[in-house]
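Heads up: the structure comes next, in structure tokens.
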Amino acid sequence: MVTDGPAALRCGLVAIVGRPNVGKSTLINALVAQKISITSNKAQTTRHRITGVRTVGASQFVFVDTPGFQTRHAAALNRSLNRAVTGTLADVDLVLLVVEAGKWGAQDAAVLALVEPSKPVFLVANKLDHVGRRADLAPWLQEMQQRHAFAEFVPMSATRRADVDRLLAIVEPYLPEQPWLYAEDALTDRSDRFLAAEVVREKLFRLTGDELPYTSTVVVDRFEEEGELRRIAATIVVEREAHKGMVIGAGGERLKRIGAEARQELEHLLEARVFLELWVKVRSGWADDEAHLRSYGYE
């Protein structure tokens, strides 16, 4: 009696790309089943290449979240973010182009144009739950088929577990047969220090809304491990004195709330007690200064 041997190992790099605010970070968090990329309604929330790893059976998916490709502004920060996108696309085995279901615009087309013609591209029509009737998508999908020879069309909602599992199943056969790049239990290649800065930045954006320009960032000055305690000191960098006031708030209440919410989430993510200190500094013009960008960890 002949029995099947163990399944061949598969592993592949999968880029998640798209214009700002189409749900890329929500999708990678769902695919990895762990929060590794921050989310907010503010454009350009994701600013770095963030790798998320999911191992299912004999297959390891290595997802790379990228900043939303920026076509409207030419500051050094935007150029840095766009380099992260184009650099990622050169290295991956396949591409998930995330768009809003039923929508297509010049920014979506600009991202698609960055992909090498030989590379498989999935059109991931996200936010399907925002579409009134699924039947209304049929003409749009036909139009998309004429735009590009997409390898797969996947209408879905990144907030639905069943849709995420279906996307994983569709991606799996496209992964090359080769050894895994990471340990079976790996979730991301990013450090706890990096995640701490990102969580603070997420709370900053969420609690300041549209008041604060997106040209604000967070730098971790100190990250110390003392048994089950993590001591973290971080600086919120803004471009103007007026922005500093927005972050601090009346009587320092907004800064306290940013710190409290960040600390609670970090304790959950790091599975440790967290002591978090936050400061706010003004660095005029940092977002258009290549030296400042490099010192703050941008590519």
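The values are calculated or read from the model by the stated rules, or taken from the named source; none is laboratory data. All figures in this text were calculated on a predicted structure; none of them were measured in a lab. Here the Cβ is made from the backbone with ideal geometry for all residues, glycine too, and neighbour counts use every protein chain on show. Each accessible area value is taken on the protein alone, full model and side chains, heavy atoms only, with ligands, DNA and RNA left out. Shrake-Rupley method; radii C 1.70, N 1.55, O 1.52, S 1.80 Å.
Considering segment 119-156, and only residues there that are assigned to a loop (DSSP other than H, G, I, E, B) and charged (D, E, K, R), the residue that is most open to solvent (accessible area, probe 1.4 Å) turns out to be R133. Once segment 157-176 is narrowed to residues that are assigned to a loop (DSSP other than H, G, I, E, B) and in contact (Cβ under 8 Å) with a residue 40 or more places away in the chain, the residue that is most open to solvent (accessible area, probe 1.4 Å) is T159. The helices (runs of 4 or more DSSP H) found wholly in segment 182-288 and carrying at least 2 residues that are within 18 Å of N29 (Cα to Cα) occupy 192-208, 253-270. One residue alone among S216, S191 is among the polar types (S, T, N, Q), touching a strand residue (DSSP E or B) at 6+ places or on another chain (Cβ under 7 Å) and modelled with pLDDT under 90, and that residue is S216.
Determine if segment 11-27 includes at least one residue that is at pLDDT 90 or above, buried (at least 20 other Cβ atoms within 10 Å of the Cβ) and over 20 Å from A125 (Cβ atoms). Checking segment 11-27: at least one residue is at pLDDT 90 or above, buried (at least 20 other Cβ atoms within 10 Å of the Cβ) and over 20 Å from A125 (Cβ atoms).
At pLDDT 85 or above, open to solvent by 20 Å² or more (accessible area, probe 1.4 Å) and not in a loop (DSSP other than H, G, I, E, B): is that true of R54 in this structure? It would help to see each step written out before you state the result.
Numbers: at pLDDT 85 or above: yes; open to solvent by 20 Å² or more (accessible area, probe 1.4 Å): yes; not in a loop (DSSP other than H, G, I, E, B): yes.
Considered against the rule, which asks whether it is at pLDDT 85 or above, open to solvent by 20 Å² or more (accessible area, probe 1.4 Å) and not in a loop (DSSP other than H, G, I, E, B), R54 comes out as yes.
The number of residues in segment 151-198 that are under 16 Å from the mean Cα position of the chain (by Cα) and among the aromatic types (F, W, Y) comes to 1. The listed residues are T217, T188, and the only one of them that is polar (S, T, N, Q), out of contact with any His (no Cβ under 9 Å at 6 or more places or on another chain) and within 30 Å of V282 (Cα to Cα) turns out to be T217.
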